[in-house]
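**Q** Before we start, here is the structure in question, set down as structure tokens.
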Amino acid sequence: MSIETVRISEKAKRQLIAVKQRTGIEHWNVLCRWAFCLSLADDTLPSEATIPLDSNVEMTWRTFGGEHHEMYLALLKHRTYVEKKGTTQDSLGTQFKLHLHRGIGMLATSKDLIE
């Protein structure tokens, strides 16, 4: 296992709260999965950024990924390999954080969400 705990920033938490209100989806892990996949679907690299993990939203990797946690890890490893970012524990953690937060921002600004 490369990632044990998933944490998000306070800004991302506020964005997810707004998405929860718009969609009625209550669980952080479901929204985070959507956000992660949305970012992976974008062919561009996520912007390098220092993201503070300063919110109280925290979950284990298995909670994040549910019964498909190994698939999400494989998707992350493949993407980081293709982008030549490496597949060390540190690089996977960094790339996951960047993709997750980019995806949360994409969800928060999506006009296609159910209201």
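Any read-out appearing in this document is the output of simple, stated calculations on the displayed coordinates, not a laboratory observation. Computed from a predicted model, the values in this text were never measured in an experiment. Glycine gets a Cβ as well: all are built from the backbone with ideal geometry, and neighbour counts include every protein chain shown.
**Q** Using the Cβ atoms and a cut-off under 10 Å, what net charge is assigned to the surroundings of residue 2, where Lys and Arg are +1 and Asp and Glu are -1?
**A** -1
**Q** Next question, about the same structure. Within segment 28-94, report the GluC sites (Glu not before Pro) that DSSP leaves as loop and that have at most 16 other Cβ atoms within 10 Å.
**A** 48, 83
**Q** Here's a follow-up. What does the charge count near residue 102 come to, summing +1 for each Lys or Arg and -1 for each Asp or Glu among other residues with Cβ under 15 Å from its Cβ?
**A** Every neighbour counted, the sum reads +1.
**Q** Another one. Counting each DSSP H run of 4 or more residues in the chain as -39500 (n - 2.57), what helix-only mean residue ellipticity at 222 nm follows after dividing by all residues, to the nearest 500 deg cm²/dmol?
**A** Calculated at 222 nm, the ellipticity per residue is -19000 deg cm²/dmol.
**Q** Local charge sum around residue 60 (other residues, Cβ-Cβ under 13 Å, Lys/Arg +1, Asp/Glu -1)?
**A** Net of charged neighbours comes to 0.
**Q** Exposed loop trypsin sites (Lys or Arg not before Pro) only (DSSP loop, at most 10 other Cβ atoms within 10 Å): please give the longest stretch of the chain free of them, not including the sites.
**A** Here the longest segment lacking exposed loop sites spans 1-83.
**Q** Put +1 on the Cβ of every Lys and Arg and -1 on every Asp and Glu Cβ in segment 5-109; which of 21, 39, 52 then has its Cα farthest towards the positive end of the dipole?
**A** 21
**Q** Something else: Taking amide H positions as placed in the peptide plane 1.01 Å from N, state which residues far from residue 60 in sequence (5 or more) or on other chains have amide H under 5 Å from it.
**A** 6
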